[in-house]
Amino acid sequence: MSKILVIDDEKSIRNTLKDVLEYEKYEVDLSPDGQDGIEKFRNNRYDVVLCDIKMPNMDGIEVLEEIFGISNDVPVIMISGHGNIDTAVEAIKKGAYDFIEKPLDLNRLLITIRNALDRSTLISETRTLKKKVSKTYDIIGESPAIKKILEMIDRVAPTDARVLITGESGTGKELVARWLHEKSRRAEHPFVEVNCAAIPSELIESELFGHEKGSFTSAIKQRIGKFEQANGGTLFLDEIGDMSLSAQAKVLRALQENKINRVGSDKDIPVDVRIIAATNKDIKKEIEENRFREDLYHRISVILIHVPSLNERKDDIPLLAEHFNEQICGEYGIPKKIIAPEAITALQNINWTGNIREFRNVLERLIILCDKEITGKDVQAFAQPISK
């Protein structure tokens, strides 16, 4: 049952609202003034607050500010018999969910309360989902290399500096990119990923910049590109070393001028995008062999972050094993497996050419095929079944 706090100095209004809201199956608390309302809000959990604006000692705008100082997750609906446009605008600017004039239209009030509750539910679900996503994208490890990366993320993320992430395939370059976005001022805006290696060279420009209807044979309708989709947020160019030279030239122009052109159009479209790029290639070598533009390299590599291979951080394998054990067993809805110490040692003795991606696959295989405990013999039997 949703709980509502009504703050109003008029007893008749308080009692009327209590009767109406309790009839609608809400639980209701009443406060005759702002101070009492703030005290109740501080000591109880409410889903919605209804607050009068004109009250003695402390007006509703002050109450609104105090409530948001305690928690800004609860929608506050302001009500007033002395309403005007300026008062309503001020209330909304201060964070009020809505403003309703007296005499109250009860139908409108009930609809507004339902909408406010829906918003609260959505915020709560979004927060829960973000926690799940954050857990999925955790960077696990306590090795010096991982600690250095985490420190770099904390230092670089709040800026708009472009970042180039290097490292072998499967090391977790995408995780670094996601955390740079998650801890940035752009976190509420899109994180858009483009795998440059997975898109044919003749389509990469359309993918990045979009196209107009009829600009080429299969362009049957207008398409919005990844730059526009990421506007206000972060564009992650994964495996940028595989991008064609013609696409590199257009990306360079977009970074220089903060504007793009869709394929088949000369119209400039302003974009506000932070670029994070990643590659498993030696970009310096690619430049020497004329496969990558040096001027683009200097544009995207304001900050360089290198992600070590798993073979370079085998001390992190116990933590990684525990992390994936919990995650995978949770996904399958089964109890966590016991990983014996000799199994950890056996995992540390493997040459992990596929890095974290390969390691997770092996853990999943062991969890599926083994009983309650994963032993060293299990690792030898199942970890690398194709090896001789």
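Observations
- All of (1) at pLDDT below 95; (2) closer than 13 Å to MET243 by Cα; (3) not hydrophobic (A, V, I, L, M, F, W, C) hold for ARG262 with one exception: (2).
- Residues of segment 23-36 satisfying the condition of being out of contact with any Lys or Arg (no Cβ under 8 Å at 6 or more places or on another chain) and either farther than 24 Å from ILE111 by Cα or modelled with pLDDT of 95 or more (or both): ASP33, GLY34, GLN35, ASP36
- Which listed residue is assigned to a helix (DSSP H, G or I), in contact (Cβ under 8 Å) with a residue 60 or more places away in the chain and either of a type in the set (Lys, Arg) or closer than 22 Å to SER309 by Cα (or both), from GLU322, GLU358: GLU358
- Breaking point among (1) free of Cβ contacts under 8 Å to residues at least 12 places away in the same chain; (2) within 19 Å of VAL63 (Cβ to Cβ), for ASP19: (2)
- Residue identified as more than 15 Å from ALA96 (Cβ to Cβ), in the same structural domain as LEU122 (by TED's automatic domain parsing), at pLDDT below 95 and among the aliphatic types (A, V, I, L, M) among ILE67, ILE13, ILE53: ILE13
- Flag if VAL176 is touching a Lys or Arg at 6+ places or on another chain (Cβ under 9 Å) and either crowded, with 21+ Cβ neighbours inside 10 Å or free of Cβ contacts under 8 Å to residues at least 60 places away in the same chain (or both): no
- Of the residues making up segment 98-112, those that are surrounded by fewer than 16 Cβ atoms within 10 Å (Cβ to Cβ) and without any contact (Cβ under 8 Å) to a residue 60 or more places away in the chain number 5.
- For segment 329-344, the condition holds for no residue, the condition being that it is under 30 Å from GLN256 (Cβ atoms) and of a type outside the set (A, V, I, L, M, F, W, C).
- Criterion violated by CYS329 - all others in (1) touching a residue at least 12 places away in the same chain (Cβ under 8 Å); (2) closer than 22 Å to PRO144 by Cβ satisfied: (2)
- Yes/no for ASP316 being surrounded by 20 or more Cβ atoms within 10 Å (Cβ to Cβ) and under 19 Å from GLU174 (Cβ atoms): yes
- Of the residues in segment 269-281, none is part of a helix (DSSP H, G or I), of a type in the set (D, E, K, R) and either modelled with pLDDT under 95 or under 25 Å from LEU180 (Cβ atoms) (or both).
- Selection within segment 291-312 - over 14 Å from LYS281 (Cβ atoms) and hydroxyl-bearing (Ser, Thr, Tyr): SER309
- Note on segment 113-138: residues that are surrounded by 16 or more Cβ atoms within 10 Å (Cβ to Cβ) and at pLDDT 90 or above total 3.
- Top-ranked residue of segment 144-168 - restricted to ones that are at pLDDT 95 or above and small (Gly, Ala, Ser), ranked as farthest from GLN327 (Cα to Cα): ALA161
- Applying a threshold of 8 Å to beta carbon distances and a minimum spacing of six or more residues, or different chains, the list of pairs starting in segment 199-222 at a residue that is modelled with pLDDT of 85 or more and ending at one that is surrounded by fewer than 16 Cβ atoms within 10 Å (Cβ to Cβ) and part of a helix (DSSP H, G or I) reads GLU205/SER246.
- Scanning segment 352-370 for residues that are surrounded by fewer than 17 Cβ atoms within 10 Å (Cβ to Cβ) and β-branched (Val, Ile, Thr) yields THR353, ILE368.
- Any hit, segment 228-237, residues being over 23 Å from the mean Cα position of the chain (by Cα) and either without any contact (Cβ under 8 Å) to a residue 60 or more places away in the chain or surrounded by 14 or more Cβ atoms within 10 Å (Cβ to Cβ) (or both): no
The values are calculated or read from the model by the stated rules, or taken from the named source; none is laboratory data. Owing to the predicted nature of the structure, the values given are computational and were not obtained by experimental measurement. Neighbour counts are summed over all protein chains in view; Cβ atoms, including those assigned to glycine, are modelled from backbone coordinates with ideal geometry.
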